[in-house]
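Enquirer: After the structure tokens below, expect a handful of questions from me.
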Amino acid sequence: MKFARAAMAAGLLAGCAGQTASAATGNVLFNGTITATCTITINSNGTMTVSSNLQSLSSHNAGGSAGSAQVDTTGGVSLSVDPVTTTTVPASDTTATTWTPTFATSGAQTIAETGTATALTVPGTSTVAVNLAGTKSGTNRFSAGNYQATVTLRCE
Amino acid sequence: MRRIALRRIAILAAGLIAALSPVAATGQSMTPMRGEVRSFTDAFAVRVFPGNPYNQRIRVEVHVYDQDFQPVAARITPSAFLLAGQASRPVLVVVPFDGANERKVRICTESIPFPSEQTQIRAQICGKFFGHRRF
């Protein structure tokens with residue numbers, strides 16, 4: 001009797017050995033879309049100093065400093081600066097000044113100093129140095145007092 | 001009366017289409033930055049999420065410009081507000097077609113610069129949005 005049971009079990013095992021499992025398999029797909037994003041964080045504002053001939057008020061001059069900002073992006077955006085429209089000058093300064101904003105980046109993407117819109121194609125964090133230069137021509141000179149200008153740094 | 005109600009529903013629906021795809025995340029200055037909206041009315045709506053990446057509260061303004069950066073008379077709700085650090089909030093922008101069948105606009109989030117500095121930097125994040133009018 002014991003022999004018969006063992007023989008039956010062995011037979012069943014041998015019969016199942018060649019069979020494949022009946023479990024089904026399937027693929028689960030995952031999709032993700034990242035749209036262009038951009039974050040600007042202003043680290044510090046800039047400082048302008050006047051040149052010895054009093055015709056340049058610039059963050060490039062000795063003692064001046066560029067403004068600093070951090071840009072975090074996925075890429076696919078462009079960085080630019082707007083022409084300066086908002087300025088405060090001393091009452092004694094009545095002559096025209098030409099303001100020229102520029103920017104340069106380092107970090108994830110390096111952009112040499114420029115005033116024109118430039119594509120940010122590399123994702124990551126870049127540090128932006130924003131400079132501003134005011135110039136006077138002819139016999140015009142910067143005068144004593146407080147100057148202030150606003151540069152718009154745009155990511156779009 | 002019914003026409004006005006349908007118009008409001010269509011504007012809201014168009015806004016939802018633009019707003020549902022992206023999810024606002026903390027620390028982003030504005031999302032989405034791209035969008036295409038179909039509208040059955042004489043205006044299209046976009047919902048954007050300006051964000052404050054700083055740890056302190058800042059004042060944020062939202063403006064709408066055309067392709068030449070001329071201001072567009074859009075309805076922005078709210079157009080200026082204080083935003084807590086690391087926070088974002090929805091802003092609804094309704095842009096009129098002004099008789100055109102399609103319109104490209106920039107919706108820009110601007111932060112107000114720190115005061116009392118010689119050279120101030122104004123951060124501006126602009127998204128490009130394309131509205132199509134369907135009859």
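Enquirer: What is the one condition in (1) in contact with a helix residue (DSSP H, G or I) (Cβ under 6 Å, 6 or more places away or on another chain); (2) under 17 Å from A:Thr39 (Cβ atoms); (3) of a type in the set (A, V, I, L, M, F, W, C) that B:Ile125 does not satisfy?
Expert: Here B:Ile125 clears every test but (1).
Enquirer: Something else now. Over 21 Å from B:Tyr54 (Cβ atoms) and modelled with pLDDT of 95 or more: does that describe B:Val91?
Expert: No; evaluated as a whole, the condition is false for this residue.
Enquirer: Now a separate question. Can you tell me which residue in segment A:40-70 is surrounded by the fewest Cβ atoms within 10 Å (Cβ to Cβ), limited to those that are in contact with a Lys or Arg (Cβ under 9 Å, 6 or more places away or on another chain) and at the interface with chain B (Cβ under 10 Å from one of its Cβ atoms)?
Expert: Looking at residues that are in contact with a Lys or Arg (Cβ under 9 Å, 6 or more places away or on another chain) and at the interface with chain B (Cβ under 10 Å from one of its Cβ atoms), I get A:Ile42.
Enquirer: Next question. Considering only segment B:51-80, how many residues are at pLDDT 95 or above and surrounded by 15 or more Cβ atoms within 10 Å (Cβ to Cβ)?
Expert: 7
Enquirer: Still on this structure, please answer the following. Examine segment A:77-89 for a residue that is in contact with a Cys (Cβ under 7 Å, 6 or more places away or on another chain), closer than 29 Å to B:Gln56 by Cβ and among the β-branched types (Val, Ile, Thr), and state whether such a residue exists.
Expert: Checking segment A:77-89: at least one residue is in contact with a Cys (Cβ under 7 Å, 6 or more places away or on another chain), closer than 29 Å to B:Gln56 by Cβ and among the β-branched types (Val, Ile, Thr).
Conditions tested, residue by residue: (1) of a type outside the set (A, V, I, L, M); (2) modelled with pLDDT of 90 or more; (3) assigned to a loop (DSSP other than H, G, I, E, B).
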position	(1), (2), (3)
B:Ile17	no, no, no
B:Gly27	yes, no, yes
B:Val48	no, yes, no
B:Ala100	no, yes, yes
B:Ile107	no, yes, no
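Enquirer: Out of the residues in segment A:118-156 meeting the condition of being among the charged types (D, E, K, R) and crowded, with 18+ Cβ neighbours inside 10 Å, tell me which one is farthest from A:Thr87 (Cα to Cα).
Expert: Among those residues, the one meeting the criterion is A:Glu156.
Enquirer: Test B:Ser39 against the criterion of being at negative phi, touching a helix residue (DSSP H, G or I) at 6+ places or on another chain (Cβ under 7 Å) and at pLDDT 50 or above, and give yes or no.
Expert: yes
Enquirer: Additional query: Identify, by number, the condition in (1) modelled with pLDDT of 95 or more; (2) of a type in the set (Gly, Ala, Ser); (3) part of a strand (DSSP E or B) that A:Ala62 doesn't meet.
Expert: Evaluating A:Ala62 over (1) modelled with pLDDT of 95 or more; (2) of a type in the set (Gly, Ala, Ser); (3) part of a strand (DSSP E or B) leaves (3) as the failure.
Enquirer: Okay, next question. Hey, could you check segment A:28-39 for residues that are assigned to a loop (DSSP other than H, G, I, E, B) and hydrophobic (A, V, I, L, M, F, W, C) and say which is nearest to the other protein chains (Cβ to nearest Cβ)?
Expert: Taking the candidates together, the pick is A:Ala36.
Enquirer: Shifting gears a bit: Go over the candidates A:Ala112, A:Ala91, A:Ala104 one by one and state the one that is part of a loop (DSSP other than H, G, I, E, B) and free of Cβ contacts under 8 Å to residues at least 60 places away in the same chain.
Expert: Exactly one of A:Ala112, A:Ala91, A:Ala104 is part of a loop (DSSP other than H, G, I, E, B) and free of Cβ contacts under 8 Å to residues at least 60 places away in the same chain, namely A:Ala91.
Enquirer: Can you report the number of residues in segment A:108-143 which are closer than 29 Å to A:Asn53 by Cβ, away from chain B (no Cβ under 14 Å) and of a type in the set (Gly, Ala, Ser)?
Expert: Total satisfying the criteria: 5.
Enquirer: Which is among the hydrophobic types (A, V, I, L, M, F, W, C), more than 30 Å from A:Gly138 (Cβ to Cβ) and either at pLDDT 95 or above or touching a strand residue (DSSP E or B) at 6+ places or on another chain (Cβ under 8 Å) (or both), of A:Val77, A:Val50, A:Val84?
Expert: Just a single option satisfies the conditions, and that option is A:Val77.
Enquirer: For segment B:111-134, give me each residue that is part of a strand (DSSP E or B), more than 7 Å from chain A (Cβ to nearest Cβ) and at pLDDT below 90.
Expert: B:Ser111
Enquirer: Suppose we filter A:Val50, A:Val77 for residues that are over 24 Å from A:Pro123 (Cα atoms) and in contact (Cβ under 8 Å) with a residue 24 or more places away in the chain; which single one remains?
Expert: Being over 24 Å from A:Pro123 (Cα atoms) and in contact (Cβ under 8 Å) with a residue 24 or more places away in the chain holds for just one of A:Val50, A:Val77, which is A:Val50.
The values are calculated or read from the model by the stated rules, or taken from the named source; none is laboratory data. From a predicted model like this one, the values you see are computed outputs, not experimental measurements. Don't worry about glycine lacking a Cβ; one is built from the backbone with ideal geometry, like all the others, and counts go over all protein chains shown.
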